[in-house]
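Okay, so here's the structure we're looking at.
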Amino acid sequence: MEKQVVLITGCSSGIGLGLAVRLASDSQARFKVYATMRDLSKKERLLRCVKDCHVNTLEILQMDVTDQQSITATAGSIKEERVDILVCNAGVGLMGPLECHTYDSMKKIIEVNLFGTISTIQAFLPGMKLRKTGRIILSSSIGGLQGVPFNDVYCASKFAVEGLCESLAIVLQHFHIHVSLIECGPVSSNFMSNLQSCDPSDRTFQSLDSDTVSLYTRYLQHCHTIFQDVAQDTDDILQVYLEAIEAPVPSLRYFTTQFFMPLIRLKMPCASGSDGGRSIITDPWKGYIQGYQ
Ligand SMILES: NC(=O)c1ccc[n+]([C@@H]2O[C@H](COP(=O)([O-])OP(=O)(O)OC[C@H]3O[C@@H](n4cnc5c(N)ncnc54)[C@H](OP(=O)(O)O)[C@@H]3O)[C@@H](O)[C@H]2O)c1
């Protein structure tokens, strides 16, 4: 059987690394994985994790999702000249009172999480449309569905990704391309240590009002407790990605944890329905799509 070609962004650590290892080590060798990362000097960890079982199933390529040239070069390096499953996973966090963020730090988050995702999809979408098949899977977040204190810009970037995908999903059904958002809750990865946060010794932070400082301090403690109590291991959530990859007709949304569902259901009653809320997105547009077919 021909292998499915998978390209994953952000494979130097965390979810991307775990997914690359899991797919490249598939017992039936169903996948050829292109694990991409912006800094190839970090590839040893991935190589250590796959050990020897990757001879024909894994290639590691450099790709920075904010660098158009590197995306184009990566797309040109795919030997099979196609990507069947695109996993847009690269992402960064930004935490702190809004007043403390510099324009550049906010721009970086939007550039990676939103424009990086868009540019990656743009690079591989024409091929999928031509072949009239494909899957696009995104590492999204509960923070893309509900606000999280002191994560305003991160949430804005993930809310934007949600809107991007809901919009794309409508038209892409015509091409039999399935878009799936994996709504992750807290995951024990490098995410918290990699995220940008305000420097308490910074002048902007020092000039904050005392209420904001104390709310932020309380939030940091709360966040620490939440991560301690409910954060999932990367390996535990990979099963959800596999579900999206293997489903004959994948849902629009998959939730890695039930912890936030009571709130999510209030906001999106159909989010966890049998089709992952796909119908509520596509139904209003059915006439438009069917009229075209
Ligand atoms: N961990 C959580 O609690 C959590 C919760 C909800 C959603 N998510 C989402 O899950 C995804 C993966 O996060 P994670 O938990 O696995 O965290 P992680 O371990 O920090 O992984 C993030 C990955 O993104 C990469 N990356 C950052 N900027 C990039 C760029 N410009 N181009 C290419 N790659 C870039 C990082 O590479 P470098 O090593 O080079 O920085 C790293 O490989 C993110 O989209 C995140 O928003 C995570």
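Some observations on this one:
- Selection of first residues in the range 25-49 that are free of Cβ contacts under 8 Å to residues at least 40 places away in the same chain and of second residues that are of a type in the set (F, W, Y), restricted to Cβ pairs under 7 Å at least 6 apart or on distinct chains, gives an empty result.
- Members of the range 5-31 found to be more than 10 Å from the ligand (Cβ to nearest atom), under 20 Å from the mean Cα position of the chain (by Cα) and not in a helix (DSSP H, G or I), listed by number: V5, V6, L7, F31
- In summary, A123 fulfils each of the numbered conditions (1) touching a helix residue (DSSP H, G or I) at 6+ places or on another chain (Cβ under 8 Å); (2) crowded, with 21+ Cβ neighbours inside 10 Å with the single exception of condition (2).
- Of the criteria (1) crowded, with 17+ Cβ neighbours inside 10 Å; (2) touching a Pro at 6+ places or on another chain (Cβ under 8 Å), which one E183 fails: (2)
- Of the criteria (1) touching a Lys or Arg at 6+ places or on another chain (Cβ under 8 Å); (2) within 16 Å of the ligand (Cβ to nearest atom); (3) under 21 Å from K129 (Cα atoms), which one S77 fails: (1)
- Here T133 clears all of (1) touching a residue at least 12 places away in the same chain (Cβ under 8 Å); (2) within 29 Å of Y219 (Cα to Cα); (3) over 18 Å from the mean Cα position of the chain (by Cα) except the condition numbered (2).
This table checks each residue for (1) out of contact with any Phe, Trp or Tyr (no Cβ under 9 Å at 6 or more places or on another chain); (2) modelled with pLDDT under 80.
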site: C198; (1), (2): no, no
site: R203; (1), (2): yes, no
site: L208; (1), (2): no, no
site: Y216; (1), (2): no, no
site: Q228; (1), (2): yes, no
site: T234; (1), (2): yes, no
site: M268; (1), (2): yes, yes
site: W285; (1), (2): yes, yes
site: Q293; (1), (2): yes, yes
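- Subset of the range 83-105 (residues that are within 15 Å of the ligand (Cβ to nearest atom) and either closer than 14 Å to S141 by Cα or not in a strand (DSSP E or B) (or both)): C88, N89, A90, G91, V92, G93, L94, D104, S105
- The requirement of being touching a Pro at 6+ places or on another chain (Cβ under 6 Å), within 22 Å of N89 (Cα to Cα) and assigned to a loop (DSSP other than H, G, I, E, B) is fulfilled somewhere in the range 226-241, by at least one residue.
- Single residue of S193, S188 found to be closer than 24 Å to L19 by Cβ, free of Cβ contacts under 8 Å to residues at least 60 places away in the same chain and in contact with an Asp or Glu (Cβ under 9 Å, 6 or more places away or on another chain): S188
- Residues that are more than 9 Å from the ligand (Cβ to nearest atom) and among the charged types (D, E, K, R) were ranked within the range 32-60; the one that is modelled with the lowest pLDDT is D52.
- Failed criterion for D64 (all others in (1) within 16 Å of the ligand (Cβ to nearest atom); (2) outside any loop (DSSP other than H, G, I, E, B) hold): (2)
- Filtered residues of the range 116-160 (kept if aromatic (F, W, Y), within 10 Å of the ligand (Cβ to nearest atom) and closer than 19 Å to L86 by Cα): none
- Residues located in the range 27-65, provided they are closer than 21 Å to G116 by Cα, buried (at least 19 other Cβ atoms within 10 Å of the Cβ) and among the hydrophobic types (A, V, I, L, M, F, W, C): V33, A35, M37, I60, M63, V65
- Hits in the range 72-101 - residues which are β-branched (V, I, T) and touching a residue at least 60 places away in the same chain (Cβ under 8 Å): T74, I78, V83, I85, V87, V92
The values are calculated or read from the model by the stated rules, or taken from the named source; none is laboratory data. Just so it is clear, the model here is predicted, and its values are computed rather than measured. Every residue, glycine as well, gets a Cβ built from its backbone with ideal geometry; the counts of neighbours run over all protein chains shown.
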